[in-house]
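Below is one structure, written out as structure tokens; comments come after it.
Coordinate-derived values only; no laboratory data. For clarity, every value in this text was computed on a predicted model and none was experimentally measured. Note: ideal-geometry Cβ built from the backbone for every residue, glycine included; neighbour counts use all protein chains shown.
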Amino acid sequence: MIKILFIKVNPIGTKNLRLGNEENEIRNALQASTNRDDFEFHTRDAVTIEDLHRDLEQIKPNILHISGHGNKEGVLFFNDSEGYKKEINVLEFCDYLNNYKAHVTCVFLNACFSLNGIDTLEKQHAHIIGMRDEIPNDTAVKFAKAFYTSHFNGKSVEESFNTAKSIVRMDDYDEDLIPKLLASEHLIKKDDDDKLGESKLRLISEAEIENAKTESKQNIKEFTIWMIVLGTIAVIGTIFSIIYDQGKFLTTVSSAGPTSIIFFPFRWRMTEKECINAIAEMGIRRLQFLERPQLTDSEIETFNKQFFKIRELKLKRWIK
């Protein structure tokens, strides 16, 4: 059973964030999910640090979600005993949460500037999701809904974060307004160990697959630019030949060069696009692999070889 503790903090004198809307979106996502019986969702309002301490000890949540306010100085706002804001240093707060590393695996700080001041955080035992800038309330709610929709239906924290990030990005939000993930190396290693069992081999990572796709796209872009430049030169050369030597130079060039050269750019571009599609398919297969309880060395080795074979396609294979 995965326990989520959703904390709503909107002290007196701070902007009303309508945090109930965010809570409702998450509850609806849970009720609509296929794995709703695998989660417990607890909510608390107007929370003080003392209240949070009690809830962390009693509920023992796996995901701590705090929705509220922060500022550029690396401060989170909680309630004081009278309902007004109490400023808590976010670095000290994250250090405090290390006392709950036995069960807290993800901290979602859905507040503006919530990642400010924690670049120097050491011994991070939980994934931390937060913002480095001020973020519109509707963006924060949209991201949270997308994140939990994926997580409630079986994706990991990292996969859910990436999915939610893609959804928000499609609305053309500036990159600075999209939440960031500080992934815990400790948890990543633990997840890999759980997935791969006793295997000593490492499965190609999601980052390596994304880098391969980006590299192929960049190759296509650069090659297209060069082809435009060369095409322009060819047009100028053609005009020059027609005007000054009645096309004799063109006849000489066309008879000297093999026709395969003409088609080579199109074959190369097609090869790169096929590589991108093949790498995308490898990414889907990787996610399918990780859904299995255990992988053998042979399966990992075969998958990795296929990936590197795609990356190492040479242009000479397409010149005939």
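Centre-to-centre, using Cα atoms only, the stretch 1-63 and the stretch 69-121 are separated by 15 Å.
Given R₀ = 25 Å, FRET efficiency for Asn98-Glu57 by Cβ-Cβ distance, to 0.05?
The pair Asn98/Glu57 has a calculated efficiency of 0.95.
With labels modelled as points extended 7 Å from the Cα through the Cβ direction, what inter-label distance (nm, one decimal) is found for Thr34 paired with Glu222? Inter-label distance under the simple model: 4.2 nm. With R₀ set to 35 Å, the beta-carbon distance separating Glu291 from Asp45 gives a calculated FRET efficiency near 0.45. Each residue, Ile236 and Thr14, gets one label point 7 Å from its Cα in the Cβ direction; the gap between the two is 6.2 nm. Determine the alpha carbon to alpha carbon distance for each of Lys155/Lys273; Lys165/Lys273; Lys145/Lys180; Lys3/Lys155; Lys72/Lys180 and list only those over 22 Å. Beyond 22 Å: Lys155/Lys273; Lys165/Lys273.
Computed from backbone phi with θ = phi - 60° and the Karplus coefficients 6.51, -1.76 and 1.60, the 3J(HN,Hα) list for the stretch 26-34 is 5, 4, 5, 5, 5, 5, 8, 7, 7 Hz; x is used for glycine and proline.
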